[in-house]
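Report on the structure given below.
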Amino acid sequence: MNIIWLLLGLLSSFNTPSAGPEYSPAALLPLQSEVILALNQGQDQEQAYLSRFDSLAGVPLYATEAELLQRKGMPLHVAPDPWQECLEYQYADMSAGVCGGAVLYVHVTPAQAEQYGLVLSGVRLNPAQGNVRELLGAPDFVAEDGDVYIRGSAALKIYRSPVTGTWEGIDLFDANSS
């Protein structure tokens, strides 16, 4: 990916008139995720391979508790997480596990996804209709209860019923957490 940025930087000087304003390459950095997404989309504008997991249901992984509250408002309910020593902030469209002041997981149920939609890193995902392979590729791990996809330090697990194969939930979480 660094090679692409180097080439774009070198070629941009040929397109910029010498008498015009000077552009700083740092100004391009905020566009990096959009550029990567556009490059990964290729010809099909409807589908984009997700090369990283930033957020689920509009909540970024590793967001601070304050950022979560700013984005989503006050939760409907706050409960102790049954698996970790964290708090789970429960909203109508998702739940977020807050540990040490940061979001370490986001969970969405099929009912929540059906009612509010399911957006992973800005792209609509529909496990019930099968666009998962196009967006995520093959799972990195297949477990009895679902498929796991890993991108950097973030992991996504789509829980499936072992009997019917239908999806039962989706979690975005820190792959390094227990």
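Just so you know, all these numbers are worked out from the coordinates, no wet-lab data involved. Computed from a predicted structure; not experimentally measured. Note that we place each Cβ from the backbone using ideal geometry, even for glycine, and neighbour counts take in every protein chain shown.
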Env charge @ Ala155, Cβ radius under 9 Å, K,R +1 / D,E -1, value -1
Simple SL model, points at 7 angstrom along Cα→Cβ for Ala92 and Arg124; separation in nm is 1.9 nm
Binned at 5 Å starting from 0, the alpha-carbon pair-distance distribution of the range 45-178 in whole percents comes out as 2, 11, 21, 25, 21, 14, 6, 1, 0
Extend 7 Å from the Cα of Ala66 along its Cα-to-C-beta direction; within the range 90-108, residues with backbone N under 16 Å of that point are 100-103
For Asn131 and Glu168, extending 7 Å from Cα along the Cα-Cβ vector and measuring point to point gives, in nm, a value of 2.6 nm
Heads up, the range 127-178 by the C-alpha gyration tensor (a ≥ b ≥ c square roots of eigenvalues; a/c under 1.5 rounded, else a/b over b/c prolate, else oblate) looks oblate
Toy charge model, Lys and Arg Cβ at +1, Asp and Glu Cβ at -1: the range 69-178 dipole around Cα centroid in debye, rounded to 20, equals 360 debye
